[in-house]
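**Student:** Have a look at this one.
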Amino acid sequence: MPALVRTATQKETIVMMPQTVASHNRDLDLKHLWHANLQHRGLESRPPLEVASGDGCYVVDSEGRRYLDGMAGLFCVNVGYGRREIVDAVAAQMSQLAYYPLTQSHGPAARLAGRLAELLPAGLDRVFFTNSGSEAVETALKMARQCARQLHPGENRYKIIARHRGYHGFTMGALSATGQSARRAAFEPLVPGFLHVPPPDPYRCSFCCDRPACSLVCADEIERVIRMEGPETVAAVIAEPVIGGGGIFPAPEGYLERLRAICDRYGVLLILDEVITGFGRTGKLFGFEHGGIRADILTFAKGLTSAYLPLGATVASEQVFSAFQGDNDRSKFVQVSTFGGHPSSCAAALANLDILMRERLWENAADVGAYLLERLGDIRSRWIAEVRGCGLLIGIELVSDDSKTPFSEARMVNLMREFREAGLLIGRNVESAPGYGNVLILSPPLILSHEQADTIVTTVTRVLEK
Ligand SMILES: Cc1ncc(COP(=O)(O)O)c(C=O)c1O
């Protein structure tokens, strides 16, 4: 079908065939778009995939090729592409009220905050809306610092402890919490007061990988750092229940509980970054359920709307919220975001949560995720060192020899191209630690079927055999 396109240069409407539209878009892209995390030099010879449409677990590129989206976009299209219900809810909301700021109020934000409070454990029920995961984290960090000061007058609690390899966002605060040197180096010095400890990584753990079981020394490192720094200087610990983009490191048994106990012992707030793990990704509705613990502050984005529209949320406990209710104006939380909690995004989130709850998608993530993990674990390949994860959040660590040498950057880049040519969009941890960008990542929509899981296994087997 011909398409109407208004070109920027000609300022007139002309009729183009789809192929022409695709190459026209590509020209404009290469000329004007500045892409995320891409080296632009030489991009003409490896242009980014131009995705034109999506349906269920699949996307179609501008030349009509179909791909199984093993990454759900960027860990986020949890309910899959093409859900009419969300589109209709957003259209209705836009017609009724296009926008209003949350310095006042509107129905969709109030209803969504109420809905989140219902889904979360009692006492975790105060919601601050933002536009993205980075902003949700930024908000959590600011809340934690101010809250710690107001809860402990006379102390100076501002330090935040995070883990190496963890990812928390691109803004300066969230990046300071991020424990990935390759993402930080160009922008240093970052925000002062952030400290990092080793992540749980049973395969390469410097504390206990040669012992039969994990000894949780990596969790105890947090206590050691709190004591060495002085508890009266530490505001919060921030952690993803499963480190995601950094290379898929699930919390070992007992780890989250240990974290909670340490924070309680020293009056330190626990921020759980559920931007990836929230809303079913790990086979439970929320990542913290794996440890049966409660956080003081939670951060959400991605699966909150399944990325149909941008939205982030920071949820605070009653205790945290009450620290902001003083008799003077200075104790309030001074932050405003023009678009945060946009009515259309909240409407998208409400419709998305209806789908998630009606279809109980975390159960499918648990079921198909366990099947996929097992089948990937059965692949006989000398390159696969470890397959790990939970629910539909899975990492495949690749090594080039018996001494755990990580796959080289060049081999990883080649592999990614092979997967794309084979019709599977798969992710990887881009240099979350120097020289360790060697983990393939799978995070497909939570509607993935067993047959689609089989397709992933067949493709991974075939590409690695090559
Ligand atoms: C755990 C975690 N926190 C925060 C973020 C930042 O979210 P956003 O990209 O929406 O800013 C991400 C993004 O991948 C993430 O994985």
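**Student:** Report Phe339's accessible area, 1.4 Å probe, all protein chains in place, as a number in Å² to the nearest 10.
**Tutor:** 130 Å²
**Student:** To the nearest 0.05, what FRET efficiency results for Tyr99 and Met228 with a Förster distance of 41 Å applied to their C-beta separation?
**Tutor:** Plugging the Cβ-Cβ distance into 1/(1 + (r/R0)^6) gives 0.25.
**Student:** Would you kindly derive the ³J(HN,Hα) couplings of the range 164-171 from the backbone phi angles with the Karplus curve 6.51 cos²θ - 1.76 cosθ + 1.60 (θ = phi - 60°), listing them in order in whole Hz, with x for Gly and Pro?
**Tutor:** In residue order, the calculated couplings are 4, 6, x, 10, 10, x, 9, 6 Hz.
**Student:** Express in Å², to the nearest 10, the accessible area of Met228 obtained by rolling a 1.4 Å probe over the protein heavy atoms while all chains stay in place.
**Tutor:** Result for Met228: roughly 150 Å² accessible.
**Student:** Output wanted: per-residue J couplings in Hz (rounded whole) for the range 72-88, from phi through Karplus 6.51 cos²θ - 1.76 cosθ + 1.60, θ = phi - 60°, x for Gly and Pro.
**Tutor:** Per-residue couplings from phi come out as 6, x, 9, 6, 9, 7, 5, 8, x, 7, x, 7, 4, 4, 6, 4, 5 Hz.
**Student:** Next up: Size of the dipole of the range 345-463 about the Cα centre, Lys and Arg at +1 and Asp and Glu at -1 on the beta carbon, nothing else charged, in debye to 20?
**Tutor:** The calculated dipole for the range 345-463 is roughly 180 debye.
**Student:** Could you tell me the relative contact order of the chain? Use alpha-carbon pairs under 8 Å, at least six residues apart, and round to a whole percent.
**Tutor:** After rounding, I find 20 percent.
**Student:** Same structure again: Using only the heavy atoms of the protein chains and a 1.4 Å probe, how would Arg183, Arg65, Arg382 rank by accessible area, largest first?
**Tutor:** Greatest to least solvent exposure: Arg382, Arg65, Arg183.
**Student:** Leaving out ligands and nucleic acids, and using a 1.4 Å probe, what accessible area per residue does the range 262-348 come to in Å²?
**Tutor:** 34 Å²
**Student:** Follow-up question, since we're still on this one. Do any cysteines of the chain lack a neighbour Cys whose Cβ is under 4.7 Å away, and which are they?
**Tutor:** Cys57, Cys76, Cys147, Cys208, Cys214, Cys218, Cys263, Cys346, Cys390
**Student:** Give the distance, in whole Å, between the Cα centre of the range 75-152 and the Cα centre of the range 171-216.
**Tutor:** 28 Å
**Student:** Right, here's the next one. Let me check I've understood the local charge: for Arg281, count other residues with C-beta under 15 angstrom from its C-beta, Lys and Arg +1, Asp and Glu -1. What total comes out?
**Tutor:** That sum, taken over residues with Cβ under 15 Å, equals -4.
**Student:** Report, by chain and number, residues whose modeled amide H sits under 5 Å from the one on Ser53, excluding near sequence neighbours (fewer than 5 apart, same chain).
**Tutor:** Val60
**Student:** So if I take the alpha carbon set of the chain, get Rg, then get Rh from the Kirkwood formula, what is the Rg over Rh ratio?
**Tutor:** Ratio of gyration radius to Kirkwood radius: 0.97.
**Student:** Leaving ligands, DNA and RNA out of it, rank Glu274, Glu418 by accessible area with a 1.4 Å probe, largest first.
**Tutor:** Largest accessible area first, the residues go Glu418, Glu274.
**Student:** When the solvent-accessible surface of protein heavy atoms is calculated with a 1.4 angstrom probe, in what order do Asp329, Asp88 fall, highest first?
**Tutor:** I get Asp329, Asp88, largest accessible area first.
**Student:** Further, regarding this structure: Just to verify a number: what accessible area does Tyr158 come out at with the full protein assembly present, 1.4 Å probe, Å² rounded to tens?
**Tutor:** 70 Å²
**Student:** With r as the distance between the Cβ atoms of Val51 and Arg84 and R0 = 25 Å, compute the FRET efficiency 1/(1 + (r/R0)^6) and round to 0.05.
**Tutor:** Given R0 = 25 Å and the Cβ-Cβ separation, E is 0.85.
**Student:** List every residue whose amide H lies under 5 Å from the amide H of Ala422, counting only residues 5 or more places away in sequence or on a different chain, with H placed 1.01 Å from N in the peptide plane.
**Tutor:** Excluding prolines and chain starts, which carry no amide H, there are no hits.
The values are calculated or read from the model by the stated rules, or taken from the named source; none is laboratory data. Bear in mind that the values here come from a model prediction, so they are computed numbers and not experimental data. Neighbour counts run over all protein chains shown; Cβ positions are idealised from the backbone, glycine included. Calculation scope for accessible area: heavy atoms of the full protein, side chains included, ligands and nucleic acids excluded. Shrake-Rupley method; radii C 1.70, N 1.55, O 1.52, S 1.80 Å.
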